[in-house]
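Scroll down for the structure; my scribbles are underneath it.
A short reminder: the numbers here are calculations on the coordinates, not readings from a lab. Computed from a predicted structure; not experimentally measured. Note that each Cβ is placed from the backbone with ideal geometry, even for glycine, and that neighbours are counted across all protein chains shown.
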Amino acid sequence: MHRRRRLPPAFFCRKPGGLVAEGGGGIYVRPADRIGRGLEAVCRWLALAGGIVLAALTVMAVVSILGRWLTGKPISGDFELVQLGCAVAVSCFLPHCQMRRGHVIVDFFTHGAGPRAKALMDGIGALLLALCAALISWRLALGGMDYRATGEGTMILGVPIWWTFVPMVPAFALLALAGLYTSIRDFRGLAR
């Protein structure tokens, strides 16, 4: 009896549907079409930008903690910057997570379902995610315009809050596109 070996998450091999990565929670098939590859590349770059923001926030928090400990003078308003930066970073990670099928899935009810039923539910879930992300992107755009019009800023540093919305709106729009792409891919898989 042949057993499939689990490989480290970074291992890639060629399969008929595209490049496949095995490891982590399951099998991820990279898109073989140009639109999917382009969308995946944009999502990956956005996630890297979110990682840079998160790394910068970490360095700032360490410097602030060391400053408080050594000199009694932390970075003023550091918690405000962490709040704004984390919102940006998380929104940047979501599209890549959707393209990689990295969201948490509770399969309590679908554990015994067949592959077609699971693909149908995955497609419906991805489509609902796309609709919700599009709605959130639209509402973030309106909210950002309102914050810009009122000129509201953070309490200590006075950083304009609308600045946070600038990267979040396209990130959620990209999440909507990623959800739409993955739902179409799931529904096409049903037809085979």
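Quick notes on this one:
- Net charge dipole, the stretch 106-192: roughly 380 debye, given to the nearest 20, about the Cα centre with Cβ charges of +1 for Lys and Arg and -1 for Asp and Glu.
- Long-range HN-HN contacts of Gly153 with modeled amide H, under 5 Å: Ile161
- Gyration tensor verdict on the chain (Cα atoms; rounded if a/c is under 1.5, prolate if a/b is larger than b/c, oblate otherwise): prolate
- Alpha-carbon centroid distance for the pair the stretch 61-75 / the stretch 125-190, whole angstrom: 34
- Relative to the dominant Cα principal axis of the chain, helix 115-150 is inclined by about 20°.
- The order of Thr182, Thr164, Thr154, Thr110, going from fewest to most other C-beta atoms within 10 Å of their C-beta, is Thr110, Thr154, Thr164, Thr182.
- Ordering of 145-152, 51-58 by burial proxy (mean other Cβ atoms within 10 Å per residue, highest first): 51-58, 145-152
- Nearest-20 debye value, the stretch 85-157 charge dipole, Cβ charges on Lys, Arg, Asp, Glu: 240
- Selected from Phe187, Phe165, Thr150, residue furthest toward positive end of dipole (the chain; charges at beta carbon): Phe187
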